[in-house]
Amino acid sequence: MFAQSTIVPTVEVLQALLDSIPNPVIVIDREHRLVLVNQAMADFMGRPREAMLGQTGAGLLPQAQLEVFWRIDDQVFATGLPNENEEIVTGAGGRQRIVITRKRLIHLDTAEGRAPFIVAVISDVTPIREAEARAHHLAAHDLLTGLPNRGQLTLRLAQALAAARGSGEVVGLLLVDLDGFKPINDRFGHLVGDNVLRIVARRLSGVIRAGDTVARLGGDEFCVIQLGIRDAAQALHLADRIVAAIGHPFATDPEPIVVSASVGVALCPFDGDDPETLLDRADRALYAVKHAGRGSYRRYEASMQRLSASPVMRPAGPDGAAAAGGEP
């Protein structure tokens, strides 16, 4: 039989154990002073461990952050219950990091007798939260242009119409389709075509107001939600600006390219007050522009109800994406 080794629980032993942990760890006394700091914590803060020991955090962290941490410490000391909290802290180099801090009450022997302390273990989850934010952004935005995608447009349109019902304001929906875009891809290739779509996205974003939405539906199809307008004239004025903005030549290689845009306009509540109706009627107005010669805009009229639906707003495919548009 081997004799069991006995470890004497000294401060040095505790420090060695804490230093072996890859996560930042601190031990805090009842006065919020740091009585033990492991090397990972010193590295995280970008400070020598000796400069942190005995400090309350004043000078290490902004006062507003400290007050939040101290309130949590007081709660753990008072209740004895563990706490887990996601926080933003200022780490080495002044960088803000997103961390999950887990705090637990322990009792240790001291020269004055047994006393309560908090041991706090910190997990830096900044890369995870950043990846989640990127995934959320990609799920709601078009990869090529960075604009909101069709799913996000549907959500924002529903929200805009719901808000308009309560405020009495008018919402404009403008469907935008590029005229003759397919020959650009055929002649110059998809690289040039993609660059044209990015420029169109920037031009559309440049003519709307803050709070309005520009989205890409797919292919060469875009949509604008215009909020808080008074009448049709404001929506038609925006449509005119869109046609003019897109009509400027595109400075692309190997030669400048000129495309035009057709715009169909529908208004809530006059032309419909739900997303499906409003999209259908803006689509019919767009179809009328296409068959009248393109490069212009029209608002929906009741007579357009007899027109066949254009290919611009085909039903979504099995993956939820809109089918690509084409020339009627």
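The values are calculated or read from the model by the stated rules, or taken from the named source; none is laboratory data. No experiment lies behind these values; they were computed from the predicted model shown. Virtual Cβ from ideal backbone geometry, glycine too; neighbours counted across all protein chains shown. With ligands, DNA and RNA removed, areas are computed over all heavy atoms of the protein, side chains included. Shrake-Rupley method; radii C 1.70, N 1.55, O 1.52, S 1.80 Å.
Using a 1.4 angstrom probe on heavy atoms only, work out the carbon and sulfur share of the accessible area of the chain in %. Of the solvent-accessible surface of the chain, carbon and sulfur hold 56 percent.
Compared with the alpha-carbon gap, the fully stretched path from A245 to R33 is longer by 70.1 nm at 0.36 nm per residue.
3J(HN,Hα) couplings calculated from phi for the stretch 112-129 with the Karplus curve 6.51 cos²θ - 1.76 cosθ + 1.60 (θ = phi - 60°) are, in sequence order, 8, x, 6, 9, x, 9, 10, 9, 10, 10, 10, 10, 7, 10, 4, x, 5, 5 Hz; Gly and Pro show x. Each DSSP beta bridge with both residues in the chain is either parallel or antiparallel, and the antiparallel ones are about 95%. Please give the Cα centre distance for the stretch 230-251 versus the stretch 35-51, rounded to the nearest Å. Distance between centres, Cα-based: 59 Å. Kirkwood-type hydrodynamic radius, the stretch 45-116: 13.9 Å, calculated from all non-identical alpha-carbon pairs. A 1.4 Å probe run over the chain, with the rest of the protein chains in place, finds 52 Å² accessible per residue. Cα convex hull, the chain: 248 Å³ per residue, rounded to a whole number.
In terms of its C-alpha gyration tensor, the stretch 124-219 has an oblate overall shape, because the principal axis ratio a/c (a ≥ b ≥ c, square roots of the eigenvalues) is not below 1.5 and a/b does not outweigh b/c.
For the stretch 213-289, the Cβ-based charge dipole about the Cα centre amounts to some 220 debye (Lys, Arg positive; Asp, Glu negative; other atoms uncharged).
Phi angles of the stretch 274-287 translate, via the Karplus equation with coefficients 6.51, -1.76, 1.60 and θ = phi - 60°, into HN-Hα couplings of 10, x, 5, 5, 5, 5, 4, 6, 5, 5, 5, 5, 5, 4 Hz per residue; Gly and Pro are given as x.
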